[in-house]
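Have a look at the structure below before the remarks.
The values are calculated or read from the model by the stated rules, or taken from the named source; none is laboratory data. What you are looking at is a predicted structure, and each value in this text was computed from that prediction instead of being measured. Backbone-built Cβ (ideal geometry, glycine too); neighbour counts: all protein chains shown.
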Amino acid sequence: MVKIDEQDNRIIYLTRGDKTTGKINRLAIAHEIENLETGEKELYEFQLDDKISFIVMDKKGYSKSEILRKEYTLRDLGYVEPATSVEIPLEPEDTKKFPLKNKPKTYWYDVVLNDDFTIGGYSEDGASKIIVYPEGGEIGE
């Protein structure tokens with residue numbers, strides 16, 4: 001199960017492993033930008049060849065080791081036209097890359113567009129958390 005914190009939408013909750021067996025969880029990604037002409041906020045329109053990377057690290061900081069890296073273009077994901085939101089699949093095999101623990105464990109993530117800049121994760125507010133719950137555990141226990 002994948003869940004985004006309702007108060008702080010930068011925190012992701014994820015159940016590891018077999019709790020997700022038979023299902024594909026999807027992590028929806030959108031990126032807000034400022035329109036330079038109007039000065040208003042709007043959603044970035046992802047292009048078919050934009051590469052989106054979802055990277056999870058074991059500790060806070062860019063020099064730490066990666067636990068998980070998922071990279072796709074919209075075309076890879078089956079999109080046939082530009083979109084303002086992209087869904088990154090997290091399959092059971094992906095979630096089992098997190099070490100098995102008997103309690104929730106906090107990791108850190110980034111979402112990177114075209115290997116150029118972070119669109120989710122680390123920001124002026126600091127690093128973003130992904131809290132992984134044990135297999136068979138319920139989020140919020």
(message) Take the conditions modelled with pLDDT under 90 and farther than 23 Å from ARG16 by Cα and apply them to PHE98. Does it pass?
(response) no
(message) Restricting to the stretch 96-117, and then to whatever is within 12 Å of LEU14 (Cα to Cα) and in contact with a Lys or Arg (Cβ under 6 Å, 6 or more places away or on another chain), can you tell me which residue is surrounded by the most Cβ atoms within 10 Å (Cβ to Cβ)?
(response) PHE98
(message) Suppose the filter is exposed (fewer than 11 other Cβ atoms within 10 Å of the Cβ) and modelled with pLDDT of 90 or more; does GLY78 pass it?
(response) yes
(request) Please list, ordered by first then second residue, the pairs with beta carbon atoms under 6 Å, 6 or more apart or interchain, first in the stretch 118-139 and closer than 16 Å to ASP8 by Cα, second surrounded by fewer than 16 Cβ atoms within 10 Å (Cβ to Cβ) and at pLDDT 75 or above. (result) LYS129/THR106; ILE131/THR106; ILE139/LYS3
(message) If I filter the stretch 15-34 down to residues being modelled with pLDDT of 85 or more and touching a Lys or Arg at 6+ places or on another chain (Cβ under 8 Å), which single residue comes out as farthest from ASN114 (Cα to Cα)?
(response) GLU34
(message) Suppose we keep only residues that are of a type in the set (S, T, N, Q) and either modelled with pLDDT under 90 or not in a strand (DSSP E or B) (or both) within the stretch 35-58. Which one would you say is farthest from the chain's Cα centre (by Cα)?
(response) THR38
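Residue under question is LEU90, and the condition is that it be in contact (Cβ under 8 Å) with a residue 40 or more places away in the chain, within 16 Å of THR15 (Cα to Cα), buried (at least 16 other Cβ atoms within 10 Å of the Cβ) and in contact with a helix residue (DSSP H, G or I) (Cβ under 8 Å, 6 or more places away or on another chain); does it hold? First the steps, then the outcome.
Values: in contact (Cβ under 8 Å) with a residue 40 or more places away in the chain: yes; within 16 Å of THR15 (Cα to Cα): yes; buried (at least 16 other Cβ atoms within 10 Å of the Cβ): yes; in contact with a helix residue (DSSP H, G or I) (Cβ under 8 Å, 6 or more places away or on another chain): yes.
For LEU90, the condition - in contact (Cβ under 8 Å) with a residue 40 or more places away in the chain, within 16 Å of THR15 (Cα to Cα), buried (at least 16 other Cβ atoms within 10 Å of the Cβ) and in contact with a helix residue (DSSP H, G or I) (Cβ under 8 Å, 6 or more places away or on another chain) - is met.
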(request) Scan (1) modelled with pLDDT under 90; (2) in contact with a Ser or Thr (Cβ under 6 Å, 6 or more places away or on another chain) for the single condition SER65 breaks and write down its number. (result) (2)
